[in-house]
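Worksheet: the structure to be examined is printed underneath.
Taken together, the values in this text are just the output of simple stated rules run on the coordinates, not laboratory data. Owing to the predicted nature of the structure, the values given are computational and were not obtained by experimental measurement. In this analysis, Cβ positions are derived from the backbone assuming ideal geometry, glycine residues included, and neighbour counts consider all displayed protein chains.
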Amino acid sequence: MRTPSFWYRNTGPFHRLCGFLLSPLSNLYGQCHQARTSSTTPVDLSIPIFCIGNLILGGAGKTPTAIAIATQMKELGLNVHFLSRGYGGALKGPLKVDPQIHSSRQVGDEPLLLSQTAPTWISRDRVQGAKKAMEAGADVIVMDDGFQNNSLQKDCSFVVIDGLNGFGNMRLFPAGPLREPLQEGLKRAQVAVIVGEDKQNVQQYLKRNHPDLPILEAILVPELAKTPACFPKKFIGFAGIAFPKKFFKTLESLGGKVVETHSYSDHHQYRKRELSFLKKRSRKEKACLITTEKDFFRLPKKHQKGIFPLPIRLEWKSISQRKWLKELILSYENETASEN
């Protein structure tokens, strides 16, 4: 689905009316969430579990955050494995993702991206997926998403917050973007990560309402060393993510001319006719056809030729924050080692 505009705009009568009319469904959604979590007893495994999640539906920067944290774990000599539900994929798992064999239709786009950094497992049953990772020699598991999944005991949960959109209109789905009541979710978090410029005063809100919650700040930057040879020239950008305009603004910031942009729904599975249209426009405009890495992984391999992904990475805003994160990782690893 496309992200509804009234989730993030609550100024006009139409936006307020949409939220009001959907409030009864939001109440029902909240009751179902509460019933599901209260009826589940988390399984505690003898391995550190780091969960990278968020409180809203749609993109907040979870996957780049998970990759950045896992990369730091690898630098510390830890054998880190990713665990994902495999959203958008048909396979239930548990299975280890192999990008040479699996497609996004089988395992989802995010696990394919994660597998470029560390061994990645998908499993609808998170406990079974974690056990498979342990059997394969994992020292630590990083869950990409799963903050609202109560089946597995997490040692440290990071809540990732998009600085541009914050928590939206602060209403529960479907009246708003929240996956669960805001205060309930923040109380379960051990760390908050604000990605991008904090235009919604999220940090101020957290310090006022959750003063003991540590806050990290990060930015997403293009990996220019990995960009295609057509940079910086003419671009046609397309994206099927929660907030495609953010990707298009990144393209504009790199120089060159963005001829046109095309937006699709989040996790969109591209059809042959759509890709044919985009390539036709690229030839006509003599422009480089470029998309996000996640979108690129959703393209059938036979249609990837002539389309370029724009790699991005998450960077912490200061060396002190990176050092603090290192100490946090080691504290959980040492705690687990002493218990065993």
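Explain nothing, just compute: Karplus ³J(HN,Hα) = 6.51 cos²θ - 1.76 cosθ + 1.60, θ = phi - 60°, for every residue of the stretch 157-173 in order, whole Hz, x for Gly and Pro.
Values per residue, Gly and Pro as x: 10, 9, 9, 8, 10, 6, x, 6, 10, x, 9, x, 7, 6, 9, 6, 4 Hz.
Could you compute Rg(Cα) / (2.2 N^0.38 Å) for the stretch 224-310, with N its residue count?
In units of the globular-protein estimate, the stretch 224-310 measures up at 0.98.
At 1.567 mPa s and 4 °C, plugging the Kirkwood radius over alpha-carbon pairs of the stretch 21-174 into Stokes-Einstein gives what diffusion coefficient in µm²/s?
80 µm²/s
Out of every Cα pair in the stretch 29-71, what percent are spaced more than 18 Å from each other?
Looking at the stretch 29-71, the distances longer than 18 Å represent 53 percent of pairs.
If I model a spin label as a point 7 Å beyond the Cα along the Cα-Cβ vector, how far apart are those points for K326 and Q183 in nm?
Going from the K326 label point to the Q183 one covers 3.9 nm.
Tally Lys/Arg at +1 and Asp/Glu at -1 over every other residue whose Cβ is under 14 Å from the Cβ of I241; what's the total?
+1
Obtain the radius of gyration and the Kirkwood radius of the stretch 129-177 from its C-alpha atoms and give Rg over Rh.
Expressed as Rg/Rh, it is 1.12.
Counting only DSSP beta bridges with both residues in the chain, tell me the antiparallel percent, nearest 5.
Counting only bridges with both partners in the chain, antiparallel ones make up about 15 percent.
Take the Cα gyration tensor of the chain, multiply each eigenvalue by 5, square-root it, and list the three semi-axes largest first, rounded to whole angstrom.
31, 26, 20
Would you please classify the overall shape of the stretch 76-155 from the alpha carbon gyration tensor, given that a ≥ b ≥ c denote the square roots of the eigenvalues, rounded means a/c under 1.5, and beyond that prolate means a/b larger than b/c while oblate covers the rest?
Oblate, since a/c reaches 1.5 and b/c is not below a/b.
Past the 32 Å Cα-Cα mark, which pairs from K199/K301; K199/K305; K62/K302?
Pairs exceeding 32 Å: K199/K301; K199/K305.
Quick query: amide H of V43 versus all other amide H atoms, modeled in the peptide plane; which residues come in under 5 Å with a sequence gap of 5 or more or a different chain?
L152, Q153
Go ahead and estimate [θ] at 222 nm for the chain from helices alone: -39,500 (n - 2.57) per DSSP H run with n ≥ 4, summed, over the residue count, rounded to 500.
So the helix-based figure for the chain works out to -11500 deg cm²/dmol.
With contacts defined as alpha carbon pairs under 8 Å and 6 or more residues apart, what's the relative contact order of the chain in percent?
About 20 percent, as a whole number.
Give the order of C156, C51 when sorted by the count of other beta carbons within 10 angstrom, beginning with the fewest.
C156, C51
Contour minus end-to-end for S318 and K207, with contour as 0.36 nm per residue of separation and end-to-end as the Cα-Cα distance?
Result: 38.0 nm gained on full extension.
Straight-line reach from K234: which aspartates and glutamates have Cα under 17 Å away, leaving out those fewer than 8 places along the same chain?
E252, E260, E285
Sort F308, F82 by Cβ crowding within 10 Å, fewest neighbours at the top.
F308, F82
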